[in-house]
Every structure is written in C-alpha cells, then in structure tokens.
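Working notes, beginning with the structure itself.
The values are calculated or read from the model by the stated rules, or taken from the named source; none is laboratory data. Because the structure is predicted, anything quoted here is derived from the model rather than measured. All Cβ positions, glycine included, derive from the backbone under ideal geometry; neighbour counts span all protein chains shown.
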Amino acid sequence: MKYDAAKKAIAEYKTVDEVKDFRDKALAIEAYAKQANDMELEWDAARARVRAERKCGELLAQTEKAKGGRPEETPNTNEGVIEKPKTLDEMGLTYKQSADFQKLAAVPEEEFEKAVDNPSTKPSTNHIIKPKAPEPPRMDKDALFVWGTLRDLRSKGIFDIDLSFIVDEWTDAMKEDAHSIINQLKTWVNNYD
C-alpha cells in the first residue's frame, strides 16, 4: 500500500460505498501488517483507513438521509426509476460508525493532519475525536522536591532518631556546614508558620 497514492485515491471517491470498500481493505491490510510485524505498513494502512473514515463522514454529512417506515411506491414513468437513499445498514455501517466518521469529518483540517501524521501515536478515529482532557497544572519542581524530601525523611524514621546521635557521627566540616544549613532551615520554617 503506497500511502500517497491511497491518499490521492480517497480524495477522488464520490460515494460512501467506494470509500467504505477502501476503508475495509485498509483495515484488512492493517491487521495483516500487524501480524507480520511490519510496523511501517501497519501505520500507513492505519493512516489511509482514518483518511477514508473522514471522507466517509464528509460524504455521509452531504447524503440525503433515508426515511424509515414503509417504502413509497416508485412512480412508473418514462423518466426512469427514482432512487431512494440507502440506509446505514445497506451501506454496511453502524449508527456509531456514521456518527464517529461525521465527527471526524468535522475536525479542523490542521488538527486532523497533525493527528494523522503524529509519529508517536498510531492514528485512529476514536483517538482523534475523543475529547482531550485538559492537562493538569504542572507543579513547581522545587515544591515537589521539598515535599518529596520531607516525606522521605519521615518514611525513613529520621525524625524519630535522636539528633545528637546523628551529629556525633559527622566530621567537624559536616557539623559546621549542617549548623549553617539548620539556621537557614529554622528561619525558613518559621516563615511558614
């Protein structure tokens, strides 16, 4: 499957049946490529399939909807037979596919192209139309570090050990450095209260 040729062919299709047939073939190629561990072919087939699903959605949005109930009799005229619109079932589509493909067709072109060409995610209709949850706000790295350090000290039981025992283990240089740090820590903690 040559992806660029597939992309061009999809753009030229005029009926849902043509696009649906192409989509089904791309889906089969995608499944085959996955089994054969041919990731490049699998992704090209997935990209072609999603493009076909988008084109299908565009055509469905423009198609006259089939009316339910008892079919009307077709007038017997010299002009020929009046064709009635096909139902989704006659097109081989489910209601969900029709709705999803039309949502895909409504995705802005730039957003669609970005999603289809994203090298980190194999494209799919669900992935593209699924509402993106807003990213949670990022926590300041220093705030996270201090919180994590305090939790580590507590989980290791440092606060339960007699501080003089720890200090007795230090060298003189370590004691001087710790004294300076502890004074800064006291000031800092007192500002928190």
Exercise for review: Go over the candidates Pro137, Pro131 one by one and state the one that is assigned to a loop (DSSP other than H, G, I, E, B) and closer than 30 Å to Lys65 by Cα.
Suggested key: Pro131
Exercise for review: Identify the single condition in (1) free of Cβ contacts under 8 Å to residues at least 60 places away in the same chain; (2) surrounded by 10 or more Cβ atoms within 10 Å (Cβ to Cβ); (3) in the same structural domain as Lys96 (by TED's automatic domain parsing) that Arg154 does not satisfy, given that it satisfies every other one.
Suggested key: (3)
**Study point:** Those residues of region 85-114 which are surrounded by 15 or more Cβ atoms within 10 Å (Cβ to Cβ) and aromatic (Phe, Trp, Tyr), in sequence order
**Key:** Phe101, Phe112
Exercise for review: Mind listing whichever residues of region 115-128 are in a loop (DSSP other than H, G, I, E, B), of a type in the set (S, T, N, Q) and surrounded by 10 or more Cβ atoms within 10 Å (Cβ to Cβ)?
Suggested key: Asn118, Thr121, Ser124
Practice item. Pull up region 31-42, narrow it to residues that are in contact with a helix residue (DSSP H, G or I) (Cβ under 9 Å, 6 or more places away or on another chain) and part of a loop (DSSP other than H, G, I, E, B), then point me to the one that is nearest to Asp117 (Cα to Cα). Key: Asp38
Review point. At pLDDT below 95, outside any loop (DSSP other than H, G, I, E, B) and farther than 15 Å from Asn126 by Cβ - does that describe any residue in region 71-89?
Key: yes
Point to revise | Residue list for region 93-122, restricted to those being closer than 15 Å to Asp44 by Cα and either in contact with a Phe, Trp or Tyr (Cβ under 8 Å, 6 or more places away or on another chain) or hydrophobic (A, V, I, L, M, F, W, C) (or both) | key: Ala115, Val116, Lys122
Check your understanding: Just a yes or no: is a residue in region 164-177 of a type in the set (Ser, Thr, Tyr) and not in a helix (DSSP H, G or I)?
Key -> yes
Point to revise | Members of region 4-30 that are surrounded by fewer than 17 Cβ atoms within 10 Å (Cβ to Cβ), farther than 20 Å from Lys86 by Cβ and in contact (Cβ under 8 Å) with a residue 24 or more places away in the chain | key: Lys7, Ala11
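Matching residues to (1) under 17 Å from Asp117 (Cβ atoms); (2) over 23 Å from the mean Cα position of the chain (by Cα); (3) β-branched (Val, Ile, Thr):
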residue: Glu12; (1), (2), (3): no, yes, no
residue: Asp21; (1), (2), (3): no, yes, no
residue: Ile29; (1), (2), (3): no, no, yes
residue: Ala45; (1), (2), (3): yes, no, no
Point to revise | Yes/no for Lys20 being part of a helix (DSSP H, G or I) and of a type outside the set (A, V, I, L, M, F, W, C) | key: yes
